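> This structure is in structure tokens; I'll ask about it shortly.
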Amino acid sequence: MSENFLTVEDLHAGYGAARVLHGVSLTVGQGEICAILGPNGAGKTTTLRALSGGVRARGTIRLDGTDLAGRSPDAVARHGVAHVPEGRGTFMPLTVEENLRLGAYLRRDKAAAESDLERVYGHFPVLAERRGQAAGSLSGGEQQMLAIGRALMLRPRLLLLDEPSLGLAPLVTRELFGIVQAVNEEERTTVIVVEQNAHLALGIAHQAHVLESGRIVLSGPAEQIRADEQVVKSYLGYR
Ligand code: ATP
């Protein structure tokens, strides 16, 4: 594993006069799953937006040697960063397959993109069953699968997932996290997952960072963070 596949240093970002990130630094190794945890409003979503070019950020975002800070979302996507935002952003009137094809819009290797459709269906058999159905007719869990499947059509080197469990039943969430783990293991896709459900995220992550008021207050191996009762109580407060 390369230690510094992604290096984020002293990242500052916000919305107009509202400053949200006050110098976030973290590294993610190639092929790792990294969880970003923390309370509401801590800046987790803003961190992902800064990484994918959705908000202007100051600082260093170095992905495999290329500095991505200040680049447009399209430019960042061309470097292999796929962002699945909270709320999913699938196109409801389009079919499952049309949504998946849209995920490959930046790719020049159209033939390989076609074969990747089958690869995505392999990860998400329910999407294959429903390939001709409108995305709007899917359940919440299936829509989240579609959003992740669409991101995988980019063949990302870095997959950013924002609150994948939002609004989903526990059983569906567990299935979804199992698939994310399988994608990570089988395709060596590096993943950053932002989650309110710390317990679940720590269950699949290698490393974790706790964000509070726009600053990283704790970083370490996921297992270690999960095992530290004091940390769980003070920072994560999960049931
Ligand atoms: P949550 O789980 O509630 O989404 P979060 O840790 O992801 O929390 P962010 O969504 O990054 O937090 O929000 C951090 C701060 O930035 C909050 O105070 C929020 O109100 C503010 N904020 C988020 N999006 C915008 C926006 N588009 N314009 C202005 N302020 C925003």
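> In this structure, does residue 154 turn out to be among the hydrophobic types (A, V, I, L, M, F, W, C), assigned to a loop (DSSP other than H, G, I, E, B) and open to solvent by less than 30 Å² (accessible area, probe 1.4 Å)?
The answer is yes for residue 154.
> Restricting attention to the range 201-239, which residues are within 16 Å of the ligand (Cβ to nearest atom), modelled with pLDDT under 90 and assigned to a helix (DSSP H, G or I)?
235, 236 - these are the residues of the range 201-239 that are within 16 Å of the ligand (Cβ to nearest atom), modelled with pLDDT under 90 and assigned to a helix (DSSP H, G or I).
> Then there is this: Which residues, taken from the range 104-125, are closer than 13 Å to residue 179 by Cα and either open to solvent by less than 30 Å² (accessible area, probe 1.4 Å) or in contact (Cβ under 8 Å) with a residue 60 or more places away in the chain (or both)?
Hits for the range 104-125 are 120, 121, 123, 124.
> Restricting to the range 21-43, what's the tally of residues that are surrounded by 21 or more Cβ atoms within 10 Å (Cβ to Cβ) and within 10 Å of the ligand (Cβ to nearest atom)?
Summing the residues that are surrounded by 21 or more Cβ atoms within 10 Å (Cβ to Cβ) and within 10 Å of the ligand (Cβ to nearest atom) in the range 21-43 gives 6.
> Quick one: which of 96, 76 is more than 17 Å from the chain's Cα centre (by Cα) and of a type in the set (Val, Ile, Thr)?
Just a single option satisfies the conditions, and that option is 96.
> Filter the range 137-189 for residues that are within 16 Å of the ligand (Cβ to nearest atom) and within 22 Å of residue 78 (Cβ to Cβ); which is farthest from the chain's Cα centre (by Cα)?
Across the range 137-189, the extreme among qualifying residues is 162.
> I'm checking my understanding of the structure. Among residues of the range 188-201 that are open to solvent by less than 60 Å² (accessible area, probe 1.4 Å) and not aliphatic (A, V, I, L, M), which one is nearest to residue 216 (Cα to Cα)?
Only one residue fits best here, namely 195.
The values are calculated or read from the model by the stated rules, or taken from the named source; none is laboratory data. All figures in this text were calculated on a predicted structure; none of them were measured in a lab. Please note: Cβ atoms are built from the backbone with ideal geometry, for glycine as well, and neighbour counts cover all protein chains shown. For the accessible areas, the whole protein counts, side chains as well, though only heavy atoms, and no ligand, DNA or RNA atoms are used. Shrake-Rupley method; radii C 1.70, N 1.55, O 1.52, S 1.80 Å.
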